[in-house]
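Taken together, the values in this text are just the output of simple stated rules run on the coordinates, not laboratory data. Because the structure is predicted, anything quoted here is derived from the model rather than measured. Glycine gets a Cβ as well: all are built from the backbone with ideal geometry, and neighbour counts include every protein chain shown.
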Amino acid sequence: MVVKNLVLKSNYIKEVFTAKEVKDLYLFTVNHNTAPVAVREKFAIPEYSLKELIKTLKSLRLFDSFFVLSTCNRTEIYFISSDEDNSLRNLYKFFASHIGIEEKLVKEYSSILKNINVVNHYFRLACGLESLVIGEKQILSQIKSAYAVAQEEHILGNILELMSQYALKSAKEVHKQTNLSANSQSISSAAVDLANNIAGPLKTKSVMVLGAGNVAKLALEHIVKTGGAKETIALNRSPHRVIEFSDKYKIDRTIAFDDIYKELNDVDILICAAGAPHFIIFAEQFKNYRKDSSKSLYIFDLSLPRNIDSEFGKLPNVQLVDIDSIQSIYSKTIQTNYKDIKSSEELVSKHIKSFFSSLDNEDTNKLIREIREKAENIRKLKFEKHSKSKKQFTKEEVDYITKNIVNSILHKPIKLLKKTHPEINYSKVVREIMDLLV
């Protein structure tokens, strides 16, 4: 059986998890399900400013620990907080005061997940099950990068650290053991395929690629894989970056960024992946240089925020396609096998169980450490008290001191044992812990 764009909503949250370990876990998300590209771009956090934003959030002390992920389809903040209302209230204010997005807009286009639903979402996301194009693998590398930054900035805390480790492990196993991503592609290759279908064939067209980052390189790589274009032109604000990989991607020529409007007269397809935080190519300026308005120009803007002025779409014989349109059109052509989705769901479920088991172990280990520290502190205090006036002790004095230490350690447990509780059999628990005969 083959289905299109099917996502199975699993029964993870029906598993027998108390979820007490993640009761303070939350997720703020703006994604392709909650907001269009024109809104998502307002929330987008460029890679070069991610560390600065993290430092600002750290200084504001909104959360106990947190993790920030920003891609073309989502801006998400995972966080631990014992005061949900206060954290969210201040987070909304943060977007207003530091990002310039009014609180009303933040609340309207964002969604808040809590507790085990956050775990479920994160694991599914890493595997590509929450993507518009199911199974795409680019999200995995994006999570890895964001995770690495979070580690460098020491913001994760124990739960988010473990959750990331298990989610990444889960995604790796899904891609290795299933064909979930077999038919999936990056947004770059999807744009190239779409260009080939609606504006191509590429072999008969002049294609310009703007940008020098990974998205641009993936687009150039896919142009080569599809058989190349009639002419491939590359440009970037920093020309040397394009020159460095021009041979690898069979680029016919590079041009100066300032010449882009003049060169667009002879180009059939423009693929923009510049990664700037605003529009960098404007329709009004292009109109001043345009020689033949009857000539078709197809523009694919892969950037978020968008780098191509939206007014281009109003010009005659210019078709402007943004990232949402690319993914929406492309996702309709992709077929995902039901069996692969089901297998992926099962693997994700298995790793979620392992994550919670690990949290249980961590909680037990933490308790053991605390017990040892408590006992050691009592021992040190008693020893310091009795050794202030003496350096050597008789056998009787050692006996007295050690008894005093034992009594101090056992005082609280014995006091608790004398209490009665209708739901807890303290006697049975203590006998088992202290290895006492029944």
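Mind running the shape call on the range 165-289? Use the C-alpha gyration tensor, a ≥ b ≥ c as the square roots of the eigenvalues: rounded below 1.5 for a/c, prolate if a/b tops b/c, oblate otherwise.
Details: a/c = 2.11, a/b = 1.74, b/c = 1.21.
In terms of gyration-tensor shape, prolate.
What whole number of Å gives the distance from the Cα centroid of the range 43-60 to the Cα centroid of the range 73-98?
Taking the Cα centre of the range 43-60 as reference, the centre of the range 73-98 is 13 Å away.
Please compare each pair in LYS388/LYS415; LYS217/LYS250; LYS144/LYS353; LYS374/LYS415 to a cut-off of 23 Å on the Cα-Cα distance and tell me which ones are over it. Walk me through the numbers on the way to the answer.
Working: LYS388/LYS415 30 Å; LYS217/LYS250 11 Å; LYS144/LYS353 21 Å; LYS374/LYS415 17 Å.
With Cα atoms farther than 23 Å apart: LYS388/LYS415.
Return the lysines within reach of LYS58: Cα separation strictly under 19 angstrom, same-chain partners fewer than 8 residues apart disregarded; answer none if there are no such residues.
LYS93
Quick one: SER206, SER310, SER110, fewest Cβ neighbours within 10 Å first, how do they rank? Spell out each step's value before the answer.
Numbers: SER206 17, SER310 13, SER110 24.
Starting with the residue having the fewest Cβ neighbours, the order is SER310, SER206, SER110.
For a quick check, take a GNM of the chain with Cα springs below 10 Å and name the residue from ILE187, ILE198, ILE401 with the largest mean-square fluctuation.
Of ILE187, ILE198, ILE401, the most mobile in the Gaussian network model is ILE401.
Please report how far the C-alpha centroid of the range 157-198 lies from that of the range 108-137, rounded to the nearest whole angstrom.
That distance is 12 Å.
Build a GNM of the chain with springs between Cα atoms under 10 Å: which of VAL119, VAL242, VAL348 gets the top mean-square fluctuation?
Highest fluctuation of the listed residues: VAL242.
Using Cβ contacts closer than 10 Å as the measure, can you line up GLU76, GLU153 from fewest to most? Don't skip to the answer; put the middle values down first.
Details: GLU76 24, GLU153 17.
With the fewest neighbours first, GLU76, GLU153 line up as GLU153, GLU76.
Mind giving me the FRET efficiency for LYS388 and HIS411? R0 is 22 Å, r the Cβ-Cβ distance, nearest 0.05 is fine. Please report the intermediate quantities before stating the final value.
Numbers: r = 22 Å, r/R0 = 1.02.
It comes out at approximately 0.45.
Label the chain by shape, choosing from rounded, prolate and oblate, from the square roots a ≥ b ≥ c of the eigenvalues of the Cα gyration tensor; if a/c is under 1.5 it is rounded, and otherwise prolate applies when a/b is larger than b/c, oblate when it is not.
Details: a/c = 2.96, a/b = 2.40, b/c = 1.23.
In terms of gyration-tensor shape, prolate.
Where both partners of a DSSP beta bridge lie in the chain, what percent of those bridges are antiparallel, to the nearest 5? Intermediate results must be reported in sequence, preceding the final value.
Numbers: 19 of 39 bridges.
Antiparallel bridges make up about 50 percent of those DSSP assigns within the chain.
Assuming R0 = 30 Å, can you tell me the calculated FRET efficiency for the pair LYS395 and ARG372, based on Cβ-Cβ distance, to the nearest 0.05?
Working: r = 27 Å, r/R0 = 0.92.
The pair LYS395/ARG372 has a calculated efficiency of 0.65.
Rank the residues ASP301, ASP83 as a footprinting-exposure proxy: fewest other Cβ atoms within 10 Å of their Cβ go first.
Working: ASP301 28, ASP83 13.
Placing the least packed residue first, the sequence is ASP83, ASP301.
Between ILE143, ILE352, ILE260, where does the largest GNM mean-square fluctuation fall for the chain, given springs only between Cα atoms within less than 10 Å?
ILE260
About its Cα centre, how strong a charge dipole does the chain have in debye, to the nearest 20, once Lys and Arg get +1 and Asp and Glu get -1 at the Cβ? Walk me through the intermediate numbers first.
On the way: 64 positive and 54 negative charges, 315 e Å.
Around 1520 debye, computed over the chain.
Between SER343 and LYS107, take the C-beta separation as r, use R0 = 30 Å, and let me know the FRET efficiency to the nearest 0.05. Show your work: numbers first, answer last.
Values: r = 38 Å, r/R0 = 1.26.
It comes out at approximately 0.20.
Using a/c under 1.5 as the rounded threshold, could you call the range 33-169 rounded, prolate or oblate? The axes a ≥ b ≥ c are square roots of the C-alpha gyration tensor eigenvalues, and prolate needs a/b larger than b/c, oblate otherwise.
Numbers: a/c = 1.42, a/b = 1.14, b/c = 1.24.
Judged from the Cα gyration tensor, the range 33-169 comes out rounded (a/c under 1.5).
What value, in deg cm²/dmol to 500, does the helix sum -39500 (n - 2.57) over DSSP H runs of n ≥ 4 give at 222 nm once divided by the residues of the chain? Numbers along the way, then the final one.
Working: 16 runs with 219 residues, N = 438.
The helix contribution divided over the chain gives -16000 deg cm²/dmol.
Could you state the angle between the C-alpha long axis of helix 116-127 and the longest principal axis of the C-alpha atoms of the chain, as a value from 0 to 90 degrees rounded to the nearest 10?
Between the helix axis and the principal axis of the chain, the angle is about 40 degrees.
Tell me, in nm to one decimal, what length is gained between LYS55 and LYS419 on full extension, where the rule is 0.36 nm per residue of separation less the Cα-Cα distance? Display every interim value, and only then the final one.
Working: separation 364, 0.36 × 364 = 131.04 nm, distance 4.86 nm.
Extending this stretch completely gives an extra 126.2 nm.
For the Cα atoms of the chain, what angle does the longest principal axis make with the long axis of helix 338-387, in degrees from 0 to 90, nearest 10?
40 degrees
Which of ALA256, ALA146, PRO36 sits farthest toward the positive end of the charge dipole of the chain, with +1 on the Cβ of Lys and Arg and -1 on the Cβ of Asp and Glu?
ALA146
For the chain, take the longest principal axis of its alpha carbons; what is the angle in degrees between that and the long axis of helix 50-60, to the nearest 10 within 0 to 90?
Roughly 40 degrees, rounded to the nearest 10.
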